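To start, the structure under review is shown below, and the notes come after it.
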Amino acid sequence: MLLFAAGAAAPPAPSMPQADRLSANQLAVIVNGADPLSGQIADYYRLRRQIPASNIIHVSFPPGRPVMSAAAFRKIKTAIDAKTPPRVQAYVLTWVQPYRVECMSITTAFAAGFDRAYCSQACGRTRPNPYFNSDSHAPYTELGLRPTIVLAGRRFEDAKRLIDRGVASDGSFPSGTGYLLSTDDAPRNVRAAMYPTIVRSLMDRLDLKVVNANYIENRDRVLFYFTGVATVERLESIGFLPGAIADHLTSAGGQLVNSSQMSALRWLEAGATGSYGTVVEPCNHQSKFPSPGILMRHYLRGDSLIEAYWKSVAWPGEGIFVGEPLAAPFAPRRH
């Protein structure tokens, strides 16, 4: 991880939502027909979340390759666009590979189309996220962006447990704790500068603890866990609540299956419901990683996981979102 200047300060917290959170009717699930696990995950998710059949979109490409070419991606994206109902505001991908389209994360490529403006040169800036810290609950209609997330696992059982946790979280209004870790890894610890402001702004809504350590252990009812290290130890001792969100600021957490660092999938395997990581060297721009305060504010207001996470990253071109998109612990359960 190279040391680089942090991004600009986040804008003020938004006002109350203008509309309800995203629904299953507004979510399209993308299935790779050449990957049996992709189809198995999609089938289970469709049943658990009652996704309309017209929102299940099938494509086919060779599975098991971490990187897709821009030319191959554009063909697939064109076919998907033609099949996507106009009501769809967000996409779900049901595979862990590929996680990149050349220099872009696959989630941002699906959200905005492949565009090298979302890739950095020499650790520089990238095209900003129009959805960042937004009030919008109709990102495609209002902003031309379909936020995208990977809902998958290395095994079907991992994905199944993830989906079940997301569904169980809805309307649970959990009483849990958020942990903000300040580590001794200086280049990866850049978000710690935000922690005092975050605690002041959310102390009336959430039990937040700032911990000066590289990891925590033997903690229950964990709702948020944000840190900055290459590998997080003792995850097996953490009791995550359904709907929990956790990530670690490091260079290669978004390289989901072949990273030299800890994959973001490890958070999900340990019991979290959403995570994030970068797929190429981003340097430690805070703007290329989730802003914990913005993420937690939106989630606590009742946004779904995909909305809150996408709204928390100012420059998402090199970052991949993983988790169960419709998890909404702080919104009334839909009937």
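The values are calculated or read from the model by the stated rules, or taken from the named source; none is laboratory data. Note that the structure is predicted; figures quoted are calculated from it, not measured. Don't worry about glycine lacking a Cβ; one is built from the backbone with ideal geometry, like all the others, and counts go over all protein chains shown.
Quick notes
- One residue alone among S259, S287, S304, S251 is hydroxyl-bearing (S, T, Y) and buried (at least 24 other Cβ atoms within 10 Å of the Cβ), and that residue is S304.
- Any hit, region 271-293, residues being farther than 26 Å from P130 by Cβ and modelled with pLDDT of 95 or more: yes
- Within the set A90, A82, A138, A111, the sole residue that is small (G, A, S) and over 20 Å from the mean Cα position of the chain (by Cα) turns out to be A82.
- Residues (part of a helix (DSSP H, G or I) and touching a residue at least 24 places away in the same chain (Cβ under 8 Å)) located in region 101-123: I106, T107, T108, A109, F110, A111, A112, A117, Y118
- P98 vs. criteria farther than 24 Å from Y276 by Cβ, modelled with pLDDT of 95 or more, assigned to a loop (DSSP other than H, G, I, E, B) and touching a strand residue (DSSP E or B) at 6+ places or on another chain (Cβ under 9 Å): no
- Some residue of region 209-216 being under 16 Å from L300 (Cβ atoms), out of contact with any Gly (no Cβ under 9 Å at 6 or more places or on another chain), touching a residue at least 12 places away in the same chain (Cβ under 8 Å) and surrounded by 16 or more Cβ atoms within 10 Å (Cβ to Cβ): no
- Among the residues listed as Q18, Q26, the single one being under 21 Å from A308 (Cα atoms), crowded, with 18+ Cβ neighbours inside 10 Å and either modelled with pLDDT under 95 or under 20 Å from the mean Cα position of the chain (by Cα) (or both): Q26
- Yes/no for S23 being touching a residue at least 40 places away in the same chain (Cβ under 8 Å), on the phi < 0 side of the Ramachandran plot and among the polar types (S, T, N, Q): yes
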